[in-house]
Every structure is written in structure tokens, then in C-alpha cells.
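> My structure is below; once you've seen it, I'll send some questions.
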Amino acid sequence: MIASLTLLPLALQADPLAVGLKFGFLAVLYLFLLWVARSALREVRLAARAPVAEGTGVHRIGSGNRAASSDAWLVVLRGGGLESGERFDLFGGLAIGRAVEADIRIEDRFASGLHARVFSRGNDYYAEDLDSTNGTFINEKPLKGEARLSDLDEIRIGDTEWRFEYDLGETR
């Protein structure tokens, strides 16, 4: 019998301890994969039940009590490759930035792709910084999140400035 074992290939002459270690390693590996899968499934279930806080910074805009089509404008004061005095109607809100998707595309090295937006909610207009790198300023004060705009407020993004103006024909 001993002579017959020496004729078998080396792969078939398995030591029982080595075989046990191989199966033990596979068992530990499968237990680890099962633990990872259960943890991921638990996280997915918790995320599905928990209310999700909106992280985009974009909110629904109500219709308000007035027609926003002629209520307010942004008037260019300087910069951004825009003509001074150029007016942008705020109907439906405007996104400002360097990206092609922006409603007001500016050429300003300090502006992000989608830097900020101006929109109406109810009877008021708001400016909102869209987590830009260099920030948005209203009347030279840094804007964090969103803020209500008043007539003749000045908005600055980098070297580009606008003035927010209400329609003078309408009483507020």
C-alpha cells in the first residue's frame, strides 16, 4: 500500500490537516460574505424607511398670488461677459453659472458650473447658493443656503454683479 501512495500524483496525496484548513478557510470566507450581504441589506431597509432629507437644495416653487412673468428682473451691473444694463426676467426662476445648462451663462473664473439660482416662492423672491466653491454674496454678505430678496439688493458671484429689481408698476 505504501508503494501505491508514492505512485499517485502529489495533488492527490492530501494531508488531512491541509484539507481541513482549506475547508475552514472557505467556511470563514462564506461567513464573511454573508455578514457583508446582511449588513448591506439592513442599510437598504433602514434607508427605505427613513424620510430622506433633500440634499439638492432645489425646492418646489409655489405659484404664489401674482404672475411672476413681469414681477422682477436681474439687471447686470458688471462682469461675466454680460452687457451692463442687460435685464433677465425671473419668470420660472433662473440658474446662474458657467455651465451650458445655466439660464444665465457667465464667463467668470470664480463661478461654479451651476453656482446659484433666483426663484419666486409665494409673493417673494429668493436667491440660493447651490453649494458653490467661492460663494454667492447679497449686498456683500455671504449667502448660505437661500435668502429672501428685497428690491435693489445686489447679488455678486465672483466678479459679476446684478441688481434685483421689482416691477415698479405693481404695488407690493
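Values in this text are rule-based calculations from the coordinates and carry no lab data. Only a predicted model underlies this, so the values are computations on that prediction, with no experimental measurement involved. Heads up, the Cβs are rebuilt from the backbone with ideal geometry, glycines too, and the neighbour counts pull from every protein chain shown.
> Please list the non-local residues whose amide H lies under 5 Å from the amide H of residue 93, H modeled 1.01 Å from N, same-chain partners needing a gap of 5 or more.
For residue 93, whose amide H was placed from the backbone, the distant partners under 5 Å are 120.
> At a 10 angstrom cut-off on C-beta neighbours, averaged per residue, how do the peptides 35-46, 74-85 rank from highest to lowest?
Final packing ranking: 74-85, 35-46.
> What is the gain in length, in nm to one decimal, between residue 123 and residue 148 on full extension, counting 0.36 nm per residue of separation less the C-alpha to C-alpha distance?
Residue separation times 0.36 nm, minus the Cα-Cα distance, leaves 7.9 nm.
> FRET efficiency for residue 167 and residue 44, Cβ-Cβ distance as r, R0 = 45 Å, nearest 0.05?
The formula returns an efficiency of 0.35 here.
> Highest mean first, what order results for 119-129, 17-27 on Cβ atoms within 10 Å?
Listed from highest to lowest mean packing, they are 119-129, 17-27.
> Okay, next question. With θ set to phi - 60°, apply the Karplus curve 6.51 cos²θ - 1.76 cosθ + 1.60 along segment 117-125 and write out the HN-Hα couplings as whole Hz, x wherever there is a Gly or Pro.
9, 10, 8, 9, 9, x, 9, 10, 10
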